[in-house]
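Engineer: My questions all concern the structure below.
Any read-out appearing in this document is the output of simple, stated calculations on the displayed coordinates, not a laboratory observation. Since this is a predicted model, take the numbers as computed values, not measurements. Positions of Cβ are generated from backbone atoms using ideal geometry, with glycine treated the same way; all protein chains shown enter the neighbour counts.
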Amino acid sequence: MSSGAENQPDSAALSGKTVFTAASAKLLPKLVSGLRALGANVLPVAVLEAKEIDDNTALDRAIANVGLYDWIIFTSAWGVSFFTKRLSLSANRAGDLPKICAIGPSTAEAAKDHGFFISLTADEFTAEGIMQSLERYHGGENNMRDLGFLIPRALEARDFLPTALESAGCRVDAIPCYQTVQPEPDAELSASLQNETPDLIVFTSTKAMRNFLKTLAAVVGESSARLFLREAAVAVIGPITADALESEGKSAEIIPSESTVPSLLAAIAEFFRSSNL
């Protein structure tokens with residue numbers, strides 16, 4: 001019978017390791033429970049909260065004319081939630097909706113929970129992946145000309161997807177329906193950040209990473225924050241966050257094959273089993 005790191009049970013993969021997790025309030029509970037199941041001492045850091053924008057006039061107008069669109073694209077579970085809230089106030093709430101595209105399985109699950117039928121989930125869980133999946137769905141970019149897309153999204157969202165769709169000749173309304181804010185760390189979190197040193201830091205988005213670095217620098221100082229980032233292993237949920245991390249002078253040690261929490265947890269476990277850190 002063989003033995004060694006490859007046979008180490010998942011429950012011990014992160015035994016004795018301290019992990020700082022920087023994630024949205026929506027993803028944090030699932031991520032924290034998964035890391036603790038791997039044996040980690042986890043310090044959860046909520047760095048993103050969502051709130052409704054002040055003026056929903058544009059979104060309400062789009063919902064009132066939803067029949068003009070061929071697709072609604074959801075790029076986050078928050079987008080689903082805030083769109084659904086405005087839809088519930090509309091006279092069109094019981095009417096037919098366009099086809100629904102989701103950026104990934106978590107967003108698709110959130111949409112299904114709100115009663116939406118999902119016509120397409122991106123093969124790669126990024127804006128680029130959505131565009132590629134839509135091109136395949138329609139048999140090429142040329143067949144997408146004049147299609148109408150409604151994208152309910154964050155106020156601070158990337159512009160890649162609406163720009164790519166417009167370049168393909170599509171009609172696009174990318175309309176903010178929520179904004180993300182950074183919560184202030186409480187006294188308990190501040191004390192933990194000062195007193196613990198991470199073996200691993202986990203980021204679930206570019207915004208989460210940048211907000212975490214701001215929070216950490218405010219609590220322990222810029223130099224200590226950079227030292228933590230440099231000396232700890234870092235796991236990111238996908239390539240967009242990895243690229244943003246590179247701009248901060250750090251390469252991610254762990255990038256999962258799929259941009260989902262289960263895939264991220266599996267990649268983290270495999271990294272620590274293989275590296276014997």
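Engineer: For region 53-180, what is the convex hull volume of the alpha-carbon atoms per residue, in Å³?
Structural biologist: 93 Å³
Engineer: Modelling each spin label as a point 7 Å along the Cα-to-Cβ direction, I'd like the His138/Thr163 distance in nm, to one decimal.
Structural biologist: Result: 1.9 nm between the two label points.
Engineer: Moving on. How far, in nm, would the chain grow between Ala64 and Asp96 when pulled straight, counting 0.36 nm per residue and subtracting the alpha carbon separation?
Structural biologist: 10.4 nm is the gain from fully extending Ala64 to Asp96.
Engineer: Among (i) 57, 48, 32; (ii) 54, 49, 36; (iii) 69, 38, 33, which one is Cα extents along the principal axes in Å computed from these coordinates?
Structural biologist: Only one option fits the structure, namely (i).
Engineer: How high is the FRET efficiency from Ala37 to Val220, r the C-beta distance, R0 35 Å, rounded to 0.05? List each step's numbers first, then the result.
Structural biologist: Values: r = 28 Å, r/R0 = 0.81.
Taking R0 as 35 Å, the efficiency between Ala37 and Val220 is 0.80.
Engineer: Could you give the angle, 0 to 90 degrees to the nearest 10, between helix 222-231's Cα long axis and the longest principal axis of the Cα atoms of the chain?
Structural biologist: Value to nearest ten degrees: 80.
Engineer: What FRET efficiency would be calculated for the residue pair Thr260, Thr57, taking the C-beta separation as r and a Förster radius of 30 Å, to the nearest 0.05?
Structural biologist: Details: r = 34 Å, r/R0 = 1.15.
Rounded to the nearest 0.05, the efficiency is 0.30.
Engineer: Using 1/(1 + (r/R0)^6) with R0 = 30 angstrom and r between the beta carbons of Glu246 and Ser88, what's the FRET efficiency to the nearest 0.05?
Structural biologist: After rounding to 0.05, the efficiency reads 0.15.
Engineer: Please compute the length gained on full extension between Glu270 and Glu156, using 0.36 nm multiplied by the number of residues separating them and subtracting their Cα-Cα distance. Each step should come with its number before you reach the end.
Structural biologist: Numbers: separation 114, 0.36 × 114 = 41.04 nm, distance 3.36 nm.
Extra length available between Glu270 and Glu156 comes to 37.7 nm.
Engineer: Taking the Cα centre of each part, how many Å lie between region 174-214 and region 95-146?
Structural biologist: Between the Cα centre of region 174-214 and that of region 95-146, the gap is 29 Å.
Engineer: Hey, another quick one. Helix-only estimate, please: 222 nm mean residue ellipticity of the chain, summing -39500 (n - 2.57) across DSSP H runs of length 4 or more and dividing by its residues, to the nearest 500.
Structural biologist: Result for the chain: -12500 deg cm²/dmol, rounded to the nearest 500.
Engineer: Counting DSSP beta bridges with both partners in the chain, what percentage is antiparallel, nearest 5?
Structural biologist: If I count the DSSP bridges inside the chain, around 10 percent turn out antiparallel.
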